[in-house]
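Structure first, commentary second.
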Amino acid sequence: IKALKKIVNFKRLGMIFNPDEKNSVIMRDQAKTSEKEFDFTLITAKFITKDDLDSAMRFLEENKVDAVWLPSTSAIKANQDILLEAINERKLPSVTAMTDLAKRKDKDAALVGLGPDYYKTGELAAQKALQIFAGKKPTDIPSETLKSFDLIINMKTAEKIGMKIPVGISKTATEVVK
């Protein structure tokens, strides 16, 4: 949310939301707690299957969202092509934690990807596994997260939706897709 706010000063953030996925519910609840801090209203559009696409997009349009957040859920991943095409057709800036959705070059892509590097995540998991193999109890291994995240900016999407990306943002990006 903070990264997208630097690119688009949105007041109404649409979130593609699957009430049947616990991960989606957790992310919705976390976003709701950020509304006051970042001065926006969260608008959640229910999306469980591709059959929900038209009603979800219509709901976002009716609620005049300024940008769309695509959390990492299986419903979004399974329907990424149709979702990204529909969002970009409506010239809506999009942000996602699934950085691969912003790295797409030959298909519609998210404008911004901000999330963990999957390779680094795998390395961290492997380090934990090695500690267990060495005899350490899993309960004695502290939980931790990655110290940094990748910021991906898709300039093809920016051009398609008519957005200018601030130079400062593109310079700090891990990757700029052209």
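The values are calculated or read from the model by the stated rules, or taken from the named source; none is laboratory data. The structure presented is a predicted model; accordingly, all values stated were derived computationally and were not measured. Quick reminder, even Gly has a Cβ in these numbers, built from the backbone with ideal geometry, and neighbours come from all protein chains shown. Note: accessible area is taken over every heavy atom of the protein model, side chains too, but ligands, DNA and RNA are not part of it. Shrake-Rupley method; radii C 1.70, N 1.55, O 1.52, S 1.80 Å.
More than 23 Å from residue 10 (Cα to Cα), open to solvent by 70 Å² or more (accessible area, probe 1.4 Å) and of a type outside the set (A, V, I, L, M) - does that describe any residue in the range 58-77?
yes
Go through the residues of the range 122-143 one by one and say whether even a single one is in a helix (DSSP H, G or I), β-branched (Val, Ile, Thr) and under 25 Å from residue 14 (Cα atoms). Working first, answer last.
Here is the first cut: in the range 122-143, the residues in a helix (DSSP H, G or I) are 122-133, 138-140.
Narrowing the set further to residues that are β-branched (Val, Ile, Thr) leaves 132, 139.
Now restrict to residues that are under 25 Å from residue 14 (Cα atoms): none.
No, every residue in the range 122-143 fails to be in a helix (DSSP H, G or I), β-branched (Val, Ile, Thr) and under 25 Å from residue 14 (Cα atoms).
When both residues are 6+ apart or on different chains and their Cβ atoms are under 6 Å apart, which pairs have a first residue that lies in the range 115-144 and is closer than 23 Å to residue 100 by Cβ, and a second that is among the aliphatic types (A, V, I, L, M) and not in a helix (DSSP H, G or I)?
Within 6 Å, the pairs are 115/97; 116/146; 120/146.
Take the residues in the range 116-138 that are under 24 Å from residue 72 (Cβ atoms) and open to solvent by 90 Å² or more (accessible area, probe 1.4 Å), then tell me which one is modelled with the lowest pLDDT. Working first, answer last.
The first filter runs over the range 116-138 and keeps only residues under 24 Å from residue 72 (Cβ atoms), leaving 116-129.
Next cut, open to solvent by 90 Å² or more (accessible area, probe 1.4 Å) only: 118-119, 127.
Details: 118: 82, 119: 88, 127: 93.
Out of the qualifying residues, it is 118.
Going by the conditions given, is residue 162 open to solvent by 60 Å² or more (accessible area, probe 1.4 Å), touching a residue at least 40 places away in the same chain (Cβ under 8 Å) and farther than 23 Å from residue 23 by Cβ?
Numbers: open to solvent by 60 Å² or more (accessible area, probe 1.4 Å): yes; touching a residue at least 40 places away in the same chain (Cβ under 8 Å): yes; farther than 23 Å from residue 23 by Cβ: yes.
Yes: the conditions hold for residue 162.
Residues are listed down the side, and each one gets a yes or a no for (1) touching an Asp or Glu at 6+ places or on another chain (Cβ under 7 Å); (2) assigned to a strand (DSSP E or B); (3) of a type in the set (A, V, I, L, M, F, W, C):
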position: 30; (1), (2), (3): no, no, no
position: 36; (1), (2), (3): no, no, no
position: 53; (1), (2), (3): no, no, yes
position: 56; (1), (2), (3): no, no, yes
position: 68; (1), (2), (3): no, yes, yes
position: 76; (1), (2), (3): no, no, yes
position: 83; (1), (2), (3): no, no, yes
position: 91; (1), (2), (3): no, no, no
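Name the one entry in 155, 98 that is in contact with a Ser or Thr (Cβ under 9 Å, 6 or more places away or on another chain) and open to solvent by 60 Å² or more (accessible area, probe 1.4 Å). Give the steps one after another, and end with the answer.
Values: 98 fails: open to solvent by 60 Å² or more (accessible area, probe 1.4 Å).
Sole residue among the options that is in contact with a Ser or Thr (Cβ under 9 Å, 6 or more places away or on another chain) and open to solvent by 60 Å² or more (accessible area, probe 1.4 Å): 155.
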